[in-house]
Amino acid sequence: MLSLETIESIVGLITIVLAYFIVVTISGYFRAWVAVKMGDDTPAHMGFLRLSPLQHVDPFGFVFLVLFGFGWGRYIPIMAFNITGRFRRFKIFLASFADVFANLAIAVISLVGLILYFGSDILTISLRMMFLDSLRVVNSSHIFGIIKSIGFVKVMLESVYPASSSLAISMVLITVTTMYLSVLLAALNCIISGFAYVYMMFNGFTNPRRYSNIFTLLIPMFLIFFFVNPLRFFVAKGIVYFAAILAKILGFS
């Protein structure tokens, strides 16, 4: 017979996987859609213009998700030489950063959904919920740290909002985990897409994204190591600030 702790771990893992499917599918599809609209049909030919998790889940990203609580979707290439016409650089910029915009939109919509359900009081703990790893009750980057953080959020929500049903709390946990992954991927994709855009710019936007030497592979890794956490904190703060303003406009505070 399964113990309560095992059941909670299974539920937490399912929550993370569902949130991962939602985030990488929507952001991947949106990046492909924007690229096609800007003039590059490559993502469509590669099958990315579909709202199917099977098209957007990266095997290595999924393995990292299961092992460490963080995963990424399949990389969708942008062939800049296919994008022509007026405002070419701006259109390439939109295509390159479309997944970042999608990640931000997912996080904002998720937080607005929580405000609509709980009221503006949820804003007092929303920033903490976007940083599940800062709530870990174990000193580890292992996925069980994330799972225990989700359990901690569950207990916190049940104590603050006792009238909410277990189904509602489960949906909220998926929403919270979606915010966590969206903010993290927004910061990660911003660094990767930013480097790729600058790299294409120095090549005159004439060649597809490719790296010519080991240094152009190490630079994004260096930037991620030093800047992803400060950047995602900045992103999360901006999302909470924007949601707070929106809550006032909608009369929720």
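The values are calculated or read from the model by the stated rules, or taken from the named source; none is laboratory data. Fair warning: this is a prediction, and the values are worked out from it, not measured in the lab. FYI the Cβ positions are ideal-geometry reconstructions off the backbone, even for glycines, and counts take in every protein chain you see.
Residue by residue through segment 45-57, note down the ones that are over 14 Å from the mean Cα position of the chain (by Cα) and farther than 21 Å from Tyr197 by Cβ. If the condition is that a residue be over 14 Å from the mean Cα position of the chain (by Cα) and farther than 21 Å from Tyr197 by Cβ, then His45, Gly47, Leu49, Arg50, Leu51, Ser52, Pro53, Leu54, Gln55 are the ones that fit. Restricting attention to segment 52-68, the residues that are closer than 23 Å to Cys190 by Cβ and assigned to a loop (DSSP other than H, G, I, E, B) total 1.
Is there a residue in segment 47-64 that is surrounded by 17 or more Cβ atoms within 10 Å (Cβ to Cβ) and among the small types (Gly, Ala, Ser)? Yes. Annotation: Phe21 fulfils all but one of (1) free of Cβ contacts under 8 Å to residues at least 12 places away in the same chain; (2) within 25 Å of Ile169 (Cα to Cα); the unmet one is (1). Against the definition (closer than 15 Å to Ile143 by Cα and hydrophobic (A, V, I, L, M, F, W, C)), how does Val24 come out, yes or no? So Val24 does not fit the description; no. Do we find that Pro220 is modelled with pLDDT of 90 or more and part of a helix (DSSP H, G or I) in this structure? In short, no. Among residues that are part of a helix (DSSP H, G or I), hydroxyl-bearing (Ser, Thr, Tyr), at pLDDT 90 or above and in contact with a Phe, Trp or Tyr (Cβ under 8 Å, 6 or more places away or on another chain), Tyr180 is included. Is it fair to say Ser27 is modelled with pLDDT of 95 or more, in a helix (DSSP H, G or I) and hydroxyl-bearing (Ser, Thr, Tyr)? For Ser27, the condition - modelled with pLDDT of 95 or more, in a helix (DSSP H, G or I) and hydroxyl-bearing (Ser, Thr, Tyr) - is met. Looking at (1) closer than 21 Å to Val228 by Cβ; (2) assigned to a loop (DSSP other than H, G, I, E, B), which is the only condition Asp40 fails? Among (1) closer than 21 Å to Val228 by Cβ; (2) assigned to a loop (DSSP other than H, G, I, E, B), the lone unmet condition for Asp40 is (1).
Okay, residues lined up against (1) among the basic types (Lys, Arg); (2) surrounded by 18 or more Cβ atoms within 10 Å (Cβ to Cβ); (3) under 14 Å from Trp33 (Cα atoms):
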{"site": "Gly69", "(1), (2), (3)": "no, yes, no"}
{"site": "Ile78", "(1), (2), (3)": "no, yes, yes"}
{"site": "Arg89", "(1), (2), (3)": "yes, no, no"}
{"site": "Asp99", "(1), (2), (3)": "no, yes, yes"}
{"site": "Ile106", "(1), (2), (3)": "no, yes, no"}
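Looking only at residues in segment 18-41 that are crowded, with 19+ Cβ neighbours inside 10 Å and either of a type in the set (Lys, Arg) or more than 30 Å from Ile147 (Cα to Cα) (or both), the one that is nearest to the chain's Cα centre (by Cα) is Arg31.
Among the residues of segment 96-126, none is identified as charged (D, E, K, R), modelled with pLDDT of 90 or more and over 30 Å from Val198 (Cβ atoms). For segment 111-131, state whether one or more residues are closer than 30 Å to Pro43 by Cβ, charged (D, E, K, R) and surrounded by fewer than 19 Cβ atoms within 10 Å (Cβ to Cβ). There is no residue in segment 111-131 that is closer than 30 Å to Pro43 by Cβ, charged (D, E, K, R) and surrounded by fewer than 19 Cβ atoms within 10 Å (Cβ to Cβ).
Only a single item in (1) in a loop (DSSP other than H, G, I, E, B); (2) farther than 27 Å from Ile143 by Cα is not met by Gly71, and it is number (2). Within the bounds of segment 86-104, is there any residue that is of a type in the set (Gly, Ala, Ser) and not in a helix (DSSP H, G or I)? No, the conditions are met nowhere in segment 86-104.
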